[in-house]
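For reference, the structure is listed below as structure tokens.
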Amino acid sequence: MAKAFKFELVSPERLLVSEEVESVVIPGAEGEMTVMAEHAPVMTTIKPGVVTVKPASGNIQRFVVFGGFADILPSGCTLLAESAVAVEDIDRAEIARRIQEAREDIADAKDDASRTKAEQFLHQLTTLEGAILPA
Amino acid sequence: MPSLKDLRNRIASVKATQKITKAMQMVAAAKLRRAQEAAEAARPYSERMGAVLANITQAVGGGGDAPALMTGTGKDDVHLLVVCTAERGLCGGFNSQIARLARDHIRKLLSAGKQVKIICVGKKGYDILRRDYASLIIDRVDLREVRTLSFVNADAIAKKVIGLFNDGQFDVCTLFYSNFKSVISQIPTAQQIIPAAAVEGAGEASNGAAVYEYEPEPGEILSDLIPRNIAVQIFRALLENAAGEMGAKMSAMDNATRNAGDMINRLSITYNRQRQAQITKELIEIISGAEAL
């Protein structure tokens, strides 16, 4: 039994999770990472993806997050998500809407740097759509 | 002297008004609870955001790579005011208080020779400021259709503001809203969001002992964080406003209900007195008629 630590998932609207967990998988900007107790302090931005929470007791919970960042300390982990929804509640239309927006961003992009960024974002979104919504 | 029938009609109409204000008060009370809950639920996010921001600014140490949104353009010639008010009236002095604060601010800036631009969030503030400063208003955001405020609304406003900043349209951005202190007290507040007024408590980052690893580089995270922080500040302001509006509306409607009650009392006394006078008059007529026979 792994040591438990405090994990909090916060979206601007509310506090979604605040409990003792065994491990959390975070879609970091530079790759997925699993956080367990006594993790070295890291601060990372996150990309759209799925956060998997394994609580000390109870079932695994999965949340879809759209961007944000994580603040990891040996004693706990705080995930500030721009928006977070439980996987069961995710709305297909919502993702489709975001993808649409991302497409528009690409069309509107003025220079190469912002276009690359928007394209990356779109790619992440489509990957996410594929991962959680078996068509 | 109004006739008995007139008085009766007046009383009936004031009673109807009282019923309406009473209903509005109850609706406001219910909405206030929800708005308060929303404001409360949003608090952890902005608190943690503040803590993270404090940590990271310490790490970056105000170095040259801090984004412009934080350090500003180095000038303060053009000011952008984001004035957040309610969409509806009938809430006492709530909207005019915010507008007055904004107006004082504008006057001060203008007399100091600065250029002022205004973005109005909410219809009422636009209506008030339009009278004096119509030429300064560059944009307005309508939230009338929005039933429950969500972060997306705030984010849209933040994007607009940041877009203007990146185009060099202004140097300093100040947010006007009403701070919800309690149901009966809302304090109009001006808060500077660009450049970020020195993050409170930056010096005493609680877990300062921890040496963070950053992924990607601190500067990059910061440039992602700052726009988000602006959105969060705006979101918080909107939520505070929503709660404040409902609080103000509740007490305004409570007053209105009580006033209507007083009015009904006064009218009923007049009504009863007049009715009695008429009865007495009729009696006198009958009696003196009988005596004359």
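Out of region B:126-149, which residues are surrounded by 16 or more Cβ atoms within 10 Å (Cβ to Cβ) and in a loop (DSSP other than H, G, I, E, B)?
Passing the criteria: B:Leu143, B:Leu149.
Just to verify a result, which residue in region A:86-122, among those that are over 17 Å from A:Gly49 (Cβ atoms), of a type in the set (A, V, I, L, M, F, W, C) and in contact with a helix residue (DSSP H, G or I) (Cβ under 7 Å, 6 or more places away or on another chain), is surrounded by the most Cβ atoms within 10 Å (Cβ to Cβ)?
Of everything passing the filter in region A:86-122, A:Ala118 is surrounded by the most Cβ atoms within 10 Å (Cβ to Cβ).
From the list B:Ile98, B:Ile118, which one is touching a helix residue (DSSP H, G or I) at 6+ places or on another chain (Cβ under 6 Å), more than 30 Å from B:Glu217 (Cβ to Cβ) and buried (at least 18 other Cβ atoms within 10 Å of the Cβ)?
So the residue among B:Ile98, B:Ile118 that is touching a helix residue (DSSP H, G or I) at 6+ places or on another chain (Cβ under 6 Å), more than 30 Å from B:Glu217 (Cβ to Cβ) and buried (at least 18 other Cβ atoms within 10 Å of the Cβ) is B:Ile118.
Give me the strands (runs of 3 or more DSSP E) completely within region A:1-111, filtered to those with at least 2 residues that are in contact with a strand residue (DSSP E or B) (Cβ under 9 Å, 6 or more places away or on another chain) and closer than 28 Å to B:Asn153 by Cα, ordered by residue number.
A:5-10, A:15-28, A:42-46, A:49-55, A:61-65, A:68-73, A:76-81, A:84-86
Condition check: hydroxyl-bearing (Ser, Thr, Tyr) and closer than 30 Å to B:Ser223 by Cβ. Does B:Thr17 satisfy that?
Against the criterion (hydroxyl-bearing (Ser, Thr, Tyr) and closer than 30 Å to B:Ser223 by Cβ), B:Thr17 does not qualify.
From the list A:Phe5, A:Phe63, exactly one residue is crowded, with 22+ Cβ neighbours inside 10 Å, within 25 Å of B:Ser150 (Cβ to Cβ) and either more than 13 Å from every other protein chain (Cβ to nearest Cβ) or not small (Gly, Ala, Ser) (or both). Which is it?
Criteria check complete, one pass: A:Phe63.
If A:Ser83 meets every condition in (1) outside the structural domain of A:Val25 (by TED's automatic domain parsing); (2) at pLDDT 80 or above; (3) in contact with a helix residue (DSSP H, G or I) (Cβ under 7 Å, 6 or more places away or on another chain) apart from one, which number is that one?
Failing condition for A:Ser83: (1).
Might you check whether a residue that is within 14 Å of chain A (Cβ to nearest Cβ) and among the small types (Gly, Ala, Ser) occurs anywhere in region B:54-62?
Yes, region B:54-62 has at least one match.
Here is a yes/no grid of residues against (1) within 14 Å of chain A (Cβ to nearest Cβ); (2) more than 18 Å from the chain's Cα centre (by Cα); (3) in a helix (DSSP H, G or I); (4) closer than 23 Å to B:Val116 by Cβ:
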| residue | (1), (2), (3), (4) |
| --- | --- |
| B:Asn153 | yes, no, yes, no |
| B:Ile157 | yes, no, yes, yes |
| B:Val161 | no, yes, yes, yes |
| B:Leu164 | no, yes, yes, yes |
| B:Gln169 | no, yes, no, yes |
| B:Thr174 | no, no, no, yes |
| B:Ser178 | no, no, no, yes |
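Of everything in region B:96-125 that's outside any strand (DSSP E or B) and touching a residue at least 40 places away in the same chain (Cβ under 8 Å), which residue is nearest to B:Ala154 (Cα to Cα)?
B:Gly122
Which number in (1) within 28 Å of B:Pro218 (Cα to Cα); (2) away from chain A (no Cβ under 14 Å); (3) among the aliphatic types (A, V, I, L, M) marks the one condition that B:Leu81 misses?
Tallying (1) within 28 Å of B:Pro218 (Cα to Cα); (2) away from chain A (no Cβ under 14 Å); (3) among the aliphatic types (A, V, I, L, M), B:Leu81 fails exactly one: (1).
The values are calculated or read from the model by the stated rules, or taken from the named source; none is laboratory data. Because the structure is a prediction, the values reported are computed rather than measured. Note that each Cβ is placed from the backbone with ideal geometry, even for glycine, and that neighbours are counted across all protein chains shown.
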